[in-house]
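**Q** So that we are looking at the same thing, I have put the structure below in C-alpha cells.
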Amino acid sequence: MGTAEITNKLCFGTFYNGLTDCVNHLLCKMSCFCAAVLISQKPKKEEAEHPVTTKKKSKEEIEAAKALKIKKKEEEEQQRWRWWEEDKYEDGVKWKFLEHRGPFFPPEYQHLPDNVNFYYNGKVVKLGLAAEEVALFFAQMLDHEYTTKDVFRNNFFKDWRKEMTLEERVLISDLNKCDFRELHTMHKEKVEARKAMSKEEKLVMKEANQKIVEEYGFCILDHHRERIGNFKIEPPGLFRGRGEHPKQGMLKKRIQSEHEWLPPAGHHWKEVRHDNTVTWLASWTENVQGSCKYVMLNPSSKLKGEKDWEKYEVARRLKSCVNGIRQQYQQDIKSKQMETRQRAVALYFIDKLALRAGNEKEEGETADTVGCCSLRVEHITLHDLLEDKECVVEFDFLGKDCIRYYNKVPVTKRVFKNLTLFMKNKEPGDDLFDRLNTCLLNKHLSSLLPGLTAKVFRTFNASITLQEQLQQLSNMTDNPAEKLLSYNRANRAVAVLCNHQRVPPKTFDQSMAILQSKIDGRREQLALAKSELKLAKKEVKAHSSDSKLQAVVERKKKAVQRCEEQLMKMEVQATNREENKQIALGTSKLNYLDPRISVAWCKNMEVPLDKIYNKSQRDKFAWAVDMTGADFIF
DNA sequence: CCTGTTACTTAGCATAAACGTA
DNA sequence: TACGTTTATGCTAAGTAACAGG
C-alpha cells in the first residue's frame, strides 16, 4: 500500500493471454489498493441500512423531506468539482492520479431447473452448461422477429454448435428440430415474477444494486470522486446489429475470468497499464466484430466535460470563418482538379445538409450504410425540374444505424452539373466521389482551421440553427407553455436537420386519443364554467352590489381562468407530441447543441432550467450552467 | 499512400423508475 | 394505493478521426 501512482488501466483479455511476472506483481498492488477503496466507503453503507418506515407521513415530515432535498442539492452543488475554473494540463495528459475498483463482471451462468427442458426432435436433451446458456439466449428472443430471419438463425446455429460438446454436436444438426419453448416460457415467467415483486422485495433489489454502484461505479481522478459511465462488463448474448447486419445472431462471448484464487473478484488482467494520455479505465476485445470496448467516465465527469466544451469552442471558431470557407468551396467546384471538385461538392453537402463524413467500412462486416464521402451513384437521383424547382437532388440512402435519409434538395447549377459529371459512365454501385475519402477531406479542413473536421460542421450547423430558431420563435410575452413549445420547435428543427428519427411509440395513437379526450372534457368544463360565470354576473346586476354575490363572481372568474390555462397547456402538449411523433430530440440536445445557448435562453426568457434539462443533463452541462450569462452568443 | 488499430463520440431502443390520476 | 402512462436511464452498436507502420 501507499505506493502512489498505481491502478489505472486494467485490460482484461481472453483467458489464453499469458500472465508475466511483472503483471502479476502489479496485480498484487492492485488488490491491496482496492481493499483501501472499499474501507473508505463503509460509513455510507451503514447510512443506507436504516430501516424504512412505512407509516403515513405527516405534513411536517413532508416539509422536512423537502428541506432535506434542497439541502442535499446545495451540498451536491458545493461538492461539485469546478474543473472549468482550473488550469488545463499540458497537451495529451488526461489525469495525474487515478484509482478505481476495476469493472463489474456479470454473474456466472447457472444451470436450468430440472423441470425445464430443451427438446431435440421431440426428445428431452440435457445440455451441458455452455450449450445450455447459449440455447437460453436464443429462447429468450423467441418473440422477436429476428429469430425467424435466416441470417440470424444460421449465425446463431453455427456459433451455438461451437459451444456444444462433441456428443451434443453430433446429435443437434438442425435448428428446426430444436424446441426451446419451455426455456422461453420459463424466461417469460421470470420477467413476470420480477414485475410482480412486492415493494419490499423491489427495495431489497434496489439497495443491492446501489451497493454495486457505490463500490464499482466511481473512481478517484485527481482527488475528485467521479462517476464511471459503464462499469459493468457487457454480459454474453446474441449479437443483434442494426438493420440487415451480416453478423446478426452470432454469439457474443462472455469476457473470460479465471484463476479463482486472485482477489478481489477472481479475475486476472491481461495487462495493467499506466497511461495517463488516455481516458479509459479498462478495456476488452469483443469477439463478434473484433473491436475494442472501453470502460469510461460518466458524461458529468471532467474528462468528458472538458472535451465537450472544446468541441463547441471549435464549432464557434468555425462560425467565425465559415463565410470564407463557403466562398472557397464554391470556387473549388470550378477547379480543374477532379479531386478538388469532388471535395468541394462533398463539403457543400456536409455544410448544407449536415451529412456525416462517411468513412469507408469493410464490406460484409457490417450493414450497408453510407455517409457523405461514401455515397454511391445509386443513392442520388438528379432532376432538372421537380415540383417547380430546378436542379433538384433526391437523396435516398441508409445512414448510421440504418436510419433512412430521404431528402429532395435544390442545389446550385454548378453543383448539379458536377454531380452529372461524377455520375457519368458509372454503375449504380460505384462511388459518387471516387477521388475522395474522409481522410483527404479532413486533411484539407484542418489546413483551413486547426481542429476542423467534417463533423464540426454538424455541430456548428446544429447549434447555430438552434440559436436562430429560438430567436425567431420565442417571445418574452408568451406564457410558459408556449415558451417551451418554441424551445421544442427549435430543437426539432435541429433534429430534422440531423435526421434524428425514431419509430413512433407503439402506444402513440392511443395516448394521443387519451389526451384528446381529456382536452374535449376540459373544453366542456370550460364552457360550463363560463356560463356559470355569466349567470353569476347577472345575479350581481339584479341584486346590485351584494358583496356575497360579488365574491361568487370572483370565484367563478378564477375557475374560468384556471380552466383556460389547463386547456391551453394540454393543447400545447398535444401539438408538441404530434410534431414529435417520428423525431427524436434527445440526440441533438445531448450531442450537438451548445448547452450555453439553452442556458442563456432560459435566463432571457425566465424559464427554469429544469424545464429544458433533466438532472443528468444538468450534471453533464454543469460547466455551461455555471459559466453562462444571459448575454451568451454562440 | 494504404491498412489496420485505437480511442473516443454519437445513436436508437429496451427497460426501469417516476409520475399523475382514478 | 394501485395502476397505467410518461420520462429517464442503461445498454451497446455504430459512427468519426487520428495514428502507426509497412
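The values are calculated or read from the model by the stated rules, or taken from the named source; none is laboratory data. None of these values were measured; they are calculated from a predicted model. Cβ coordinates were reconstructed from backbone atoms using ideal geometry, including for glycine residues, and neighbour counts include every protein chain displayed. Note: areas computed on protein heavy atoms with side chains; ligands, DNA, RNA excluded. Shrake-Rupley method; radii C 1.70, N 1.55, O 1.52, S 1.80 Å.
**Q** Relative contact order of chain A, please, whole-number percent, based on alpha carbon pairs below 8 angstrom and at least 6 residues apart.
**A** 13
**Q** Under a point-charge model restricted to the Cβ atoms of Lys and Arg (+1) and Asp and Glu (-1), what is the dipole moment magnitude of segment A:499-634 relative to its Cα centre, in debye to the nearest 20?
**A** I would put it at about 480 debye.
**Q** Pop out the carbon and sulfur fraction of the accessible area of segment A:303-458 as a percent, whole number, probe 1.4 Å.
**A** Exposed carbon and sulfur together represent 47 percent of the surface.
**Q** With unit charges on the beta carbon (Lys/Arg positive, Asp/Glu negative), name the residue among A:GLN516, A:SER547, A:LEU535 whose Cα is farthest towards the positive pole of the charge dipole of segment A:484-565.
**A** A:SER547
**Q** Would you list A:ARG169, A:ARG555 from the most to the least accessible area, probe 1.4 Å?
**A** A:ARG555, A:ARG169
**Q** Also, quick follow-up: Taking only C-alpha pairs under 8 Å that are 6+ residues apart, what is the relative contact order of segment A:463-627 in percent?
**A** RCO, segment A:463-627: 34 percent.
**Q** Now for a different question. Kindly provide the helix-only [θ] at 222 nm of chain A, computed as the sum of -39,500 (n - 2.57) over DSSP H runs of four or more divided by all residues, to the nearest 500 deg cm²/dmol?
**A** One gets -16500 deg cm²/dmol as the mean residue ellipticity at 222 nm.
**Q** Going highest first, how would you order A:384-394, A:346-356, A:464-474, A:295-305 by mean Cβ packing within 10 Å?
**A** Packing order, densest peptide first, comes out as A:346-356, A:295-305, A:464-474, A:384-394.
**Q** What accessible area per residue, rounded to a whole number of Å², is obtained for chain A using a probe radius of 1.4 Å?
**A** For chain A, the solvent-accessible area averages 58 Å² per residue.
**Q** Would you please put A:585-596, A:79-90 in order of how densely packed they are, using the mean number of other Cβ atoms within 10 angstrom per residue and starting with the highest?
**A** Most protected by this proxy first, the peptides run A:585-596, A:79-90.
**Q** Another question, if that's okay. Consider just the alpha-carbon atoms of chain A and return their Rg together with their Dmax, both in angstrom.
**A** Reported Rg and Dmax, both Å: 30.4, 101.
**Q** Give the carbon-plus-sulfur fraction of the accessible surface of segment A:510-615 in %, rounded to a whole number; probe 1.4 Å, heavy atoms of protein chains only.
**A** Of all accessible area on segment A:510-615, carbon and sulfur atoms account for 52 percent.
**Q** Right, next: Based solely on C-alpha atoms, express the radius of gyration and the Dmax of segment A:493-574 in angstrom.
**A** Considering segment A:493-574 through its Cα atoms, Rg and Dmax are 20.1, 65 Å.
**Q** Here's something else I'd like to know. Quick check: pseudo-label points 7 Å beyond the Cα along Cα→Cβ at A:HIS144 and A:ASN121, how many nm apart are they?
**A** Once both label points are built, they end up 3.0 nm from each other.
**Q** What is the packing order of peptides A:434-441, A:102-109, taking the mean over residues of other C-beta atoms within 10 Å and listing the highest first?
**A** A:434-441, A:102-109
**Q** Same structure again: Give, in nm to one decimal, the length gained when the segment between A:MET338 and A:HIS379 is fully stretched (0.36 nm per residue of separation minus the Cα-Cα distance).
**A** Fully extending the segment from A:MET338 to A:HIS379 adds 12.7 nm.
**Q** Of A:SER320, A:CYS373, A:THR340, which is farthest along the charge dipole of segment A:303-458 in the positive direction, counting Lys and Arg as +1 and Asp and Glu as -1 at C-beta?
**A** Farthest towards the positive pole: A:SER320.
**Q** Determine the dipole magnitude for chain A: charges of +1 sit on the beta-carbon of Lys and Arg, -1 on that of Asp and Glu, nothing else is charged, the reference point is the Cα centre, and the result goes in debye to the nearest 20.
**A** That gives chain A a dipole magnitude of about 1980 debye.
**Q** Considering the dipole of segment A:89-141 built from charges on the beta carbon (Lys and Arg +1, Asp and Glu -1) around the Cα centre, which of A:LEU112, A:ALA139, A:VAL125 is farthest to its positive end?
**A** Of the candidates, A:VAL125 comes out farthest on the positive side.
**Q** Sorted from largest to smallest, which semi-axis lengths in Å does the alpha carbon gyration tensor of segment A:303-458 give for its equivalent ellipsoid, taking the root of 5 times each eigenvalue?
**A** After diagonalising the Cα gyration tensor, the semi-axes are 25, 20, 15 Å.
**Q** I would also like to ask the following. When the Cα atoms of segment A:519-619 are enclosed in a convex hull and the volume is divided per residue, what value in Å³ results?
**A** So the per-residue hull volume is 143 Å³.
**Q** Which residues does the label zone of A:GLN331 cover in segment A:442-470, counting backbone N under 11 Å from a point 7 Å along Cα→Cβ?
**A** none
**Q** Let's see if you can work this out: charge +1 on each Lys and Arg Cβ, -1 on each Asp and Glu Cβ, no other charges. What is the dipole magnitude of segment A:306-450 about its Cα centre, in debye to the nearest 20?
**A** Dipole magnitude for segment A:306-450 comes out near 840 debye.
**Q** If the limit is 19 Å between Cα atoms, which of A:LYS518/A:LYS556; A:LYS307/A:LYS352; A:LYS319/A:LYS455; A:LYS389/A:LYS413 go over it?
**A** Listed pairs above 19 Å: A:LYS518/A:LYS556; A:LYS307/A:LYS352.
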